[in-house]
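Visitor: So that we are looking at the same thing, I have put the structure below in structure tokens.
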Amino acid sequence: MRGSSSVILRRLLVRRQVLNPNSTNIAKLLISHSTNNTTVPKIPSFRNYIPASSSQSQSQMLPSLQFHRTLFSSPDGPSNILVIESGEEFNSSLGKVKDDSLPAIFYFTAAWCGPCKFIWPVIGELSAKHPHVTTYKIDIDQKGLESTLSKLNISAVPTFLFFQHGEKVAEIVGADVSRLKTTMEQLYKKD
């Protein structure tokens, strides 16, 4: 078991060297020699990215590892996105949408959900494009939402419930960008 720990440590050091070319050359040394004089297997996906010299720019070394991120003007996104933090808050918001016949989207998500993270910038763009529509963001792992999720049959994330004139008119389960855009255009397009 100790041997596998040292291999994992070496791989983490290699990744650190790849992501920070100005760090020491310890990762390069660990790839070619281990501390007990046996050869550590090379990691093909990272071996090609270890810089020959520190003068190479990071963009030359890591073309496939560059990250791009869409940012909003405020930390939580556009002002028409509201975060629901309890079952009571959800019930109150849903009642208001139904009673006042407001256009709204209820977006069920989770912090651990990869597709939810993928679709979040798209939701921000669409919310900015349709400022008259309120998007309610609900983390399914919040305490007190179990019965609500059960009543609404929310069994996967992301799930979107679309309300128009106080009624649920559409539902999308999954991170389908084109379907999300199409549904919002059809339902909430301002004339």
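Visitor: Mind checking which residues of segment 115-140 are open to solvent by less than 60 Å² (accessible area, probe 1.4 Å), more than 24 Å from GLY87 (Cα to Cα) and either among the β-branched types (Val, Ile, Thr) or part of a helix (DSSP H, G or I) (or both)?
Guide: PRO121, VAL122, LEU126
Visitor: Also, quick follow-up: Say whether the condition of being at positive phi, touching a Ser or Thr at 6+ places or on another chain (Cβ under 8 Å) and not in a helix (DSSP H, G or I) is met by at least one residue in segment 142-151.
Guide: Checked against the condition, which is being at positive phi, touching a Ser or Thr at 6+ places or on another chain (Cβ under 8 Å) and not in a helix (DSSP H, G or I), segment 142-151 yields at least one hit.
Visitor: Give the residues of segment 157-173 that are modelled with pLDDT of 95 or more and either within 14 Å of PRO115 (Cβ to Cβ) or polar (S, T, N, Q) (or both), sorted by residue number.
Guide: Answer for segment 157-173, where residues must be modelled with pLDDT of 95 or more and either within 14 Å of PRO115 (Cβ to Cβ) or polar (S, T, N, Q) (or both): VAL157, PRO158, THR159, PHE160, ILE172, VAL173.
Visitor: Can you name the number of the only condition in (1) more than 16 Å from LEU94 (Cβ to Cβ); (2) in a loop (DSSP other than H, G, I, E, B); (3) touching a residue at least 24 places away in the same chain (Cβ under 8 Å) that ILE154 fails?
Guide: Evaluating ILE154 over (1) more than 16 Å from LEU94 (Cβ to Cβ); (2) in a loop (DSSP other than H, G, I, E, B); (3) touching a residue at least 24 places away in the same chain (Cβ under 8 Å) leaves (1) as the failure.
Visitor: Please go through segment 164-191 and pick out each residue that is polar (S, T, N, Q) and either in contact with a Cys (Cβ under 7 Å, 6 or more places away or on another chain) or over 16 Å from LYS129 (Cα atoms) (or both). Break it down into steps so the answer makes sense when it comes.
Guide: Kept after step one, since they are polar (S, T, N, Q), are these residues of segment 164-191: 164, 178, 182-183, 186.
Hit for segment 164-191 is GLN164, nothing else.
The values are calculated or read from the model by the stated rules, or taken from the named source; none is laboratory data. Note that the structure is predicted; figures quoted are calculated from it, not measured. Virtual Cβ from ideal backbone geometry, glycine too; neighbours counted across all protein chains shown. Just the protein is used for accessible areas: all its heavy atoms, side chains included, with ligands, DNA and RNA removed. Shrake-Rupley method; radii C 1.70, N 1.55, O 1.52, S 1.80 Å.
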